[in-house]
Amino acid sequence: MTGFRLTLAALGATALTLLATPASAEAGITDQVTMTLAKDGTLHVVEKITGASGGLKRTLLTKTRYDDDNDRVYRVTNVKGGKLDGDVLTVTGQTVEYDVKGAVTTSGGVEELRWFAVSGWSVPVTKATVQVSGPGQVQNLSCFAGDLTSAIGCTSASMDHTATRADFEQDNLAAGQALTVVVGYPKGSSSGAPILERRFSLASAFTLDLVTGGALAALLVLLLGGVGLLYWTRGRDARVAGHEKGGVDPIQNGHFTPPDGVRPGQIGTLVDEQADVVDVTATIVDLAVRGYLRIDEQPRQTYDAPDWLLVRLPNAPVNSLLTYERALYDAVFDGRDAVLLSQLSGSFAGHLGKVRDALYTDVVEQGWFARRPDTERTRWTTIGVVLIGLGLLATVGLAWFTTYGLLGLALVIAGGALAAGGQYMPAKTAKGSAALAHTMGFREYLFSGDLGEVPEQHRVELFSRYLPYAVIFDGVEHWSRVVASVTGNGHQADNLYWYHGPAEWDLSKFAGSMRTFTTTTSGAISASRQFRTL
């Protein structure tokens, strides 16, 4: 019986021991805090902790909201008795010391010290006392306990009889809760000031006020004015067109003579400063009219796609062709005697790049441009794109670190203007401007309806020679009808010397056939990468 009683007593003692262990763990710590505010605004803090079992951690609150645009930062330095990693303070002894800057701000006529004297402990705080001394007499004091947003006062707050020291107490703070103390001193007691860190927001990053608005306007005027000046000095054609323009008569001694001997592809490149699909289409028609190839329209059923056979003509003086014309001629036939328009693929697309390069080189060799138009466009457009990129980087940087993000947008706008304006930077020389003036005079002559006295025996050849130029000037419909209306002897015929239609086809259908041919040819060419976007 006695043994049984002893066993029960031992079990009871063990149970009490087990129950007592968590109770001790939950008892928490005691934190005795002494704070001294120096004249330079630095707050020196000393904390004596009792009841800690080692590995004690505290998360300091070092940033709070100040206003709509800024956060208030508290800088903790000179830590002793612990290790600070970011905002986490690991206590290595019974006492920890550190300095805080940014804990003082001026409000009205009072200089206010605010610090989270006890906060962020990883264990409960059963008893917290805070003693605050400063460079002047205490004007007011307050304290808050509980969660960080709590407005509940602490257990007690008082000052000594000389009003130079403030004392605060708080019992039973849960882990993570805070005791915030606020002490007011006369204005000018210290030189402390809040440390503000701008909080990023789109509204503040792109603030529009008198300063940013004025700077943006000045920068836009400067940059866009620079782009305009650049075009004025580098991108303008030599202004001779108005003086050179005059009456044009492309018929000399009964033969067709274009102004300045300019070929259709050259005119197209001269007018819009681009070697494009229209220039190549017009050159194909021109080669046919001049006797280098023949265009045979293929018979088709009602729902068949139209097609044409391009036939190489024997004994054509191909060595007399200009470089770009020979490149196109070789691209079309590529060693063949005839090829369907629908089959112009493969090597044709690869050769078109050479045609384009040869056209640009030709207009420079003619002295119409000082530099290749495509190279000039690419140069300035690339500079504009680079400027846009720099503007975007500047905008992001200025918006992130300042409120002047709008100034970066000025660089983006200027870059966009230069990139778009780069398309207009190729400039014609005086010779090129004169050739353009003659070309425009020829265009007016072509559409004036006043064709002069053209002998009937020359009309088919002359009006056919007009047709490639009409392709360039978007007048295919009109000139196809003119060509279809005449023959060498004044009577209607079934074919032209350079264009043959299928059976039961006559020249009354030529206008429609020619319109479809130029459209289809342009479509076939634009399918090539070299000409797709021009």
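The values are calculated or read from the model by the stated rules, or taken from the named source; none is laboratory data. These numbers were taken from a predicted model, which means no experiment stands behind them. Here Cβ is always computed from backbone atoms with ideal geometry, including for glycine, and neighbour counts include all displayed protein chains. Ligands, DNA and RNA are excluded from the accessible area calculation, which covers all protein heavy atoms including side chains. Shrake-Rupley method; radii C 1.70, N 1.55, O 1.52, S 1.80 Å.
The table below lists the values:
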read-out: Which listed residue, of A178, A193, is touching a residue at least 24 places away in the same chain (Cβ under 8 Å) and open to solvent by less than 30 Å² (accessible area, probe 1.4 Å); value: A178
read-out: Residues being in a helix (DSSP H, G or I) and more than 29 Å from the chain's Cα centre (by Cα) - total across region 357-392; value: 9
read-out: T149 being among the β-branched types (V, I, T), closer than 19 Å to L179 by Cα and touching a Ser or Thr at 6+ places or on another chain (Cβ under 7 Å); value: no
read-out: Region 155-171, subset in contact with a Ser or Thr (Cβ under 6 Å, 6 or more places away or on another chain) and open to solvent by 60 Å² or more (accessible area, probe 1.4 Å), residue farthest from Q32 (Cα to Cα); value: R165
read-out: So T395, is it assigned to a helix (DSSP H, G or I), without any contact (Cβ under 8 Å) to a residue 24 or more places away in the chain and open to solvent by 50 Å² or more (accessible area, probe 1.4 Å); value: no
read-out: Flag if L407 is in a helix (DSSP H, G or I) and open to solvent by 30 Å² or more (accessible area, probe 1.4 Å); value: yes
read-out: Qualifying residue in region 211-221 (condition: at pLDDT 80 or above, open to solvent by 60 Å² or more (accessible area, probe 1.4 Å) and closer than 30 Å to A163 by Cβ); value: no
read-out: Set A419, A349: member being at pLDDT below 85 and either assigned to a helix (DSSP H, G or I) or open to solvent by less than 40 Å² (accessible area, probe 1.4 Å) (or both); value: A349
read-out: Residue within region 374-384 that is closer than 27 Å to T520 by Cα, open to solvent by 10 Å² or more (accessible area, probe 1.4 Å) and touching a Lys or Arg at 6+ places or on another chain (Cβ under 9 Å) present; value: yes
read-out: K354, sole failed condition from (1) within 34 Å of the chain's Cα centre (by Cα); (2) open to solvent by less than 50 Å² (accessible area, probe 1.4 Å); value: (2)
read-out: Hits in region 257-307 (condition: among the polar types (S, T, N, Q) and open to solvent by less than 10 Å² (accessible area, probe 1.4 Å)); value: Q266, T269, T281, T283
read-out: Close pairs (9 angstrom Cβ cut-off, 6 or more residues apart or separate chains): at pLDDT 90 or above in region 310-323, among the small types (G, A, S) and in a loop (DSSP other than H, G, I, E, B) anywhere; value: L313/G291; A316/G291; P317/G291
read-out: Of the criteria (1) part of a loop (DSSP other than H, G, I, E, B); (2) under 20 Å from D374 (Cα atoms); (3) modelled with pLDDT of 90 or more, which one A238 fails; value: (3)
read-out: Residue check for D362: open to solvent by 10 Å² or more (accessible area, probe 1.4 Å) and in contact (Cβ under 8 Å) with a residue 60 or more places away in the chain; value: yes
read-out: Elements of type strands (runs of 3 or more DSSP E) contained in region 94-162, each with 2 or more residues being more than 16 Å from Y185 (Cβ to Cβ) and either in contact with a Pro (Cβ under 8 Å, 6 or more places away or on another chain) or not acidic (D, E) (or both); value: 95-101, 110-118, 125-133, 140-146, 156-159
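The rows are residues; the columns are (1) over 44 Å from the mean Cα position of the chain (by Cα); (2) open to solvent by 20 Å² or more (accessible area, probe 1.4 Å); (3) within 18 Å of K39 (Cα to Cα).
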| residue | (1), (2), (3) |
| --- | --- |
| K80 | yes, yes, no |
| D85 | no, yes, no |
| T92 | yes, yes, no |
| S107 | yes, yes, yes |
| V110 | yes, yes, yes |
